[in-house]
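Here is the structure we will look at.
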Amino acid sequence: MKSAVGLGIRCVLAISALATSCASQSAASGASSAQSMPTKAAVRESPSNATSSTSTTTAEAPSKVTPLLTFAGPFATPESVLYDALRDRYLVSNINGNPTAADNNGYISVLSPNGMVIDARWIHGGKSGVALDAPKGLAISGDTLFVSDITKVRMFDISTGAPKGDITIAGSTFLNDVAADSAGRVFVTDSGLTADFKPSGSDAVWMIEQGKPKSIAKSPTLSGPNGIAVDGSSLIVATFRSHDIFRLTLDGQRTDTSAVPTGGLDGLIVANGHVYVSSWEGQAILKGTIGGTFTPVITRIEAPADIGFDSKRNRLLVPRFNANSIEIYHAM
């Protein structure tokens, strides 16, 4: 079994290697228009995608699953996909450069579930008074879109995209995933990485309530908290530098840890009574329960980042961090 430290080094090196290619993507994408007419994404239908793999075990991965839809073209290091249920659309955060660079060229794309790119750069750093450097996690609370951005959580009007201010998370270094609960509280992970992608020791889970941030849990032993989801009155957190997924109470108690077969864990959602998590090391999306086992349901999917869930159509939304595409799968 690989050690958590070894895995952390490999994952950090993988992200670090992206910095050069991300910078070249940024230069290329900067030449395109800030607004785009709706365009059609590549569409593929797959009979196998609608079939549940009930016999999958940790030792035997399912066969390759073909996406229902693939969006390609307007993305530059897509990190997160969020389903906006009220408006029936997908929102995509694009880092567009180095994940830790304050370069004000990040952007949010808008997609339709039927395969159209509605607006490639709906919210665009450096345009219309928007500040947005390297956007990652996304969450909606009320009329506000919350976006993690290195050491800040930026807020935008969910209808217009207009900026609504920033919340600085003091002492943070690599804010990552974001989630919101029904009480209006927003939660954000700090994966604890420096500008050169080494552990910073700032690993934490933060809560923002009435515009004020406070840490729920803060320790390097959190092993790079990444994906986060609200589950009832507690949180579920996936770690990037270990194989662990755990439950976290709002008073900071860590419980019910599950070891996932492969590490480098990124996005995490709770849907259909299960937890789905993406794994860079395993190049897979895995499904399981906290305190139980996790098995792969989608495999051979390199660099799957912060996944989302379309609750209307029972779809998994997968950003391909390196491939600059978004893939849509039936949630098995």
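The values are calculated or read from the model by the stated rules, or taken from the named source; none is laboratory data. For clarity, every value in this text was computed on a predicted model and none was experimentally measured. Methodologically, a virtual Cβ is constructed for each residue, glycine included, from the backbone with ideal geometry; neighbour enumeration extends over all protein chains shown.
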Quiz prompt | Exclusive hit being surrounded by fewer than 20 Cβ atoms within 10 Å (Cβ to Cβ) and closer than 25 Å to Ile140 by Cβ, set Ala238, Ala259, Ala229, Ala271 | solution = Ala271
Quiz item: Taking segment 298-320 as the region of interest, how many residues are touching a Ser or Thr at 6+ places or on another chain (Cβ under 6 Å) and not in a strand (DSSP E or B)?
Solution: 1
Quiz item: Restricting attention to segment 279-298, does a residue exist that is of a type in the set (Lys, Arg) and closer than 24 Å to Leu193 by Cβ?
Solution: no
Quiz item: What do you reckon, is Ser109 within 18 Å of the chain's Cα centre (by Cα), under 24 Å from Arg241 (Cα atoms) and polar (S, T, N, Q)?
Solution: no
Quiz item: Which of the residues that make up segment 161-191 are among the small types (Gly, Ala, Ser), surrounded by fewer than 24 Cβ atoms within 10 Å (Cβ to Cβ) and within 21 Å of Leu222 (Cβ to Cβ)?
Solution: Ala170, Gly171, Ala180
Exercise. Report whether or not Ser148 is surrounded by 22 or more Cβ atoms within 10 Å (Cβ to Cβ) and under 22 Å from Leu317 (Cα atoms).
Key: yes
Quiz item: Of these, Thr194, Thr160, Thr189, Thr221, which one is closer than 20 Å to Asp133 by Cα, without any contact (Cβ under 8 Å) to a residue 40 or more places away in the chain and not aliphatic (A, V, I, L, M)?
Solution: Thr160
Quiz item: Does Lys127 satisfy being over 16 Å from Pro78 (Cβ atoms) and either at pLDDT 95 or above or within 14 Å of the chain's Cα centre (by Cα) (or both)?
Solution: yes
Quiz item: Is one or more of the residues making up segment 203-221 out of contact with any helix residue (DSSP H, G or I) (no Cβ under 9 Å at 6 or more places or on another chain), assigned to a loop (DSSP other than H, G, I, E, B) and under 21 Å from Val270 (Cα atoms)?
Solution: no
Quiz item: Counting only residues that are in a strand (DSSP E or B) and hydroxyl-bearing (Ser, Thr, Tyr), which one in segment 60-96 is surrounded by the fewest Cβ atoms within 10 Å (Cβ to Cβ)?
Solution: Thr70
Quiz prompt | Scope segment 245-297; condition within 24 Å of Phe174 (Cα to Cα), in contact (Cβ under 8 Å) with a residue 12 or more places away in the chain and not in a strand (DSSP E or B); matching residues | solution = Leu250, Asp251, Gly252, Val260, Thr262, Gly263, Gly264, Trp280, Glu281, Gly282, Gln283
Quiz item: touching a Pro at 6+ places or on another chain (Cβ under 7 Å), buried (at least 16 other Cβ atoms within 10 Å of the Cβ), at pLDDT 95 or above and within 28 Å of Val237 (Cα to Cα), is that true of Ile158?
Solution: no
Quiz item: For segment 222-244, what are the residues that are at negative phi, over 15 Å from the mean Cα position of the chain (by Cα) and not in a helix (DSSP H, G or I)?
Solution: Asp231, Ser233, Ser234, Leu235, Arg241, Ser242, His243, Asp244
